[in-house]
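Chemist: Here you go, one structure.
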Amino acid sequence: MKRVLFFLIGLVIASGYITAQSYQPFQQHEQLRYRGYQFTILPGTEAWKNLDINANRHALLQISEDTLSIISTQRLVETCLYYPMITEVFAFDNSIQGFEVVRKKFNGFDELYRRQDAAICLLLYYQQRNPSFITQFKESVDRGRYSFDFVLLELMIAQSEIIEQLSIYQMQEFLISVLGKLEQQSTLSQYYSRVFMPISAITIGRVLLQANVFSEEMIQNSMGNFIKNGIGGSSEDISQVFHQAQIFINKK
């Protein structure tokens, strides 16, 4: 499993196209053109390579408070999704905890999770992503980056600050979207790895927790620990989360 993770991380790191003017996660696709904050220093540049080995790279990537105060939430979502050190999330055995560590190191996340429209902007961004669009890419690094985005967006949405903003209707719509994307991805298994399915299950499970779907008995067992902390997660736990999600959706 870790071999797959590090392979995908390598693809993501390699997939940033850097010019003298700007950074673009994808090449030759105007509809996916990056419109977030342009970081002043980036992995892959000479300036980055010349940094002292002990340099705090996270500190160099912070955004000024003046800029954060005026950047739109839509742009902030993209900025956080393509934060140059975001792949450190997957350097941890537990990617849920890994995300918690990385979000604390970048002030863009602090600002995003303070925004009242953060949830709706994240959900719209996620819902607009079509898994089948991956076939439009010619380069494997672009396909790797695109597939990785779904995982990172779900991690971003799985935070309490986002889920607590959602109405029941929005929760149901989001779960329909997640399950639909998983179904699409299953038909494109040459591009999407099932290794990250537990993250989808955790994200769904946290939404269901907020909606009070689970019984007390359910959340006291291993499934509760899996959803809350990302620990464990048997096939039975994951199946139960998906089953409860479908019941919740059918009440719409």
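The values are calculated or read from the model by the stated rules, or taken from the named source; none is laboratory data. Here the structure is a predicted model, which is why all the values come from computation and not from measurement. Virtual Cβ from ideal backbone geometry, glycine too; neighbours counted across all protein chains shown.
Chemist: Mind counting the residues in segment 123-145 that are surrounded by 14 or more Cβ atoms within 10 Å (Cβ to Cβ) and at pLDDT below 90?
Modeler: Number of matching residues: 8.
Chemist: Moving on to the next point. Can you say whether residue 232 is over 17 Å from the mean Cα position of the chain (by Cα), of a type in the set (Gly, Ala, Ser), surrounded by fewer than 20 Cβ atoms within 10 Å (Cβ to Cβ) and in a loop (DSSP other than H, G, I, E, B), as far as the supplied structure shows?
Modeler: Yes; evaluated as a whole, the condition is true for this residue.
Chemist: Still on this structure, please answer the following. When you check residue 149 against the structure, is it surrounded by 15 or more Cβ atoms within 10 Å (Cβ to Cβ) and in contact with a His (Cβ under 8 Å, 6 or more places away or on another chain), yes or no?
Modeler: Here the answer is no, as residue 149 does not meet what is asked.
Chemist: Considering each of 128, 136, 97 in turn, give the residue that is among the polar types (S, T, N, Q) and free of Cβ contacts under 8 Å to residues at least 24 places away in the same chain.
Modeler: Numbers: 136 fails: free of Cβ contacts under 8 Å to residues at least 24 places away in the same chain; 97 fails: free of Cβ contacts under 8 Å to residues at least 24 places away in the same chain.
Every option except 128 fails the conditions.
Chemist: For segment 146-195, name all the residues that are closer than 28 Å to residue 85 by Cα, at pLDDT 95 or above, charged (D, E, K, R) and part of a helix (DSSP H, G or I).
Modeler: 154, 161, 181
Chemist: So which residues in segment 34-63 are among the polar types (S, T, N, Q) and either touching a residue at least 24 places away in the same chain (Cβ under 8 Å) or within 28 Å of residue 123 (Cβ to Cβ) (or both)?
Modeler: Once the filter is applied, which keeps residues that are among the polar types (S, T, N, Q) and either touching a residue at least 24 places away in the same chain (Cβ under 8 Å) or within 28 Å of residue 123 (Cβ to Cβ) (or both), segment 34-63 yields 38, 45, 62.
Here is a yes/no grid of residues against (1) hydroxyl-bearing (Ser, Thr, Tyr); (2) part of a helix (DSSP H, G or I); (3) over 24 Å from residue 166 (Cα atoms); (4) modelled with pLDDT of 95 or more:
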| residue | (1), (2), (3), (4) |
| --- | --- |
| 87 | yes, yes, yes, no |
| 97 | no, yes, no, no |
| 103 | no, yes, no, yes |
| 108 | no, yes, no, yes |
| 116 | no, no, no, yes |
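Chemist: Here's another thing I want to ask about it. Taking only segment 188-226 into account, find how many residues are surrounded by fewer than 19 Cβ atoms within 10 Å (Cβ to Cβ), over 14 Å from residue 248 (Cβ atoms) and either touching a Cys at 6+ places or on another chain (Cβ under 7 Å) or free of Cβ contacts under 8 Å to residues at least 24 places away in the same chain (or both).
Modeler: 11
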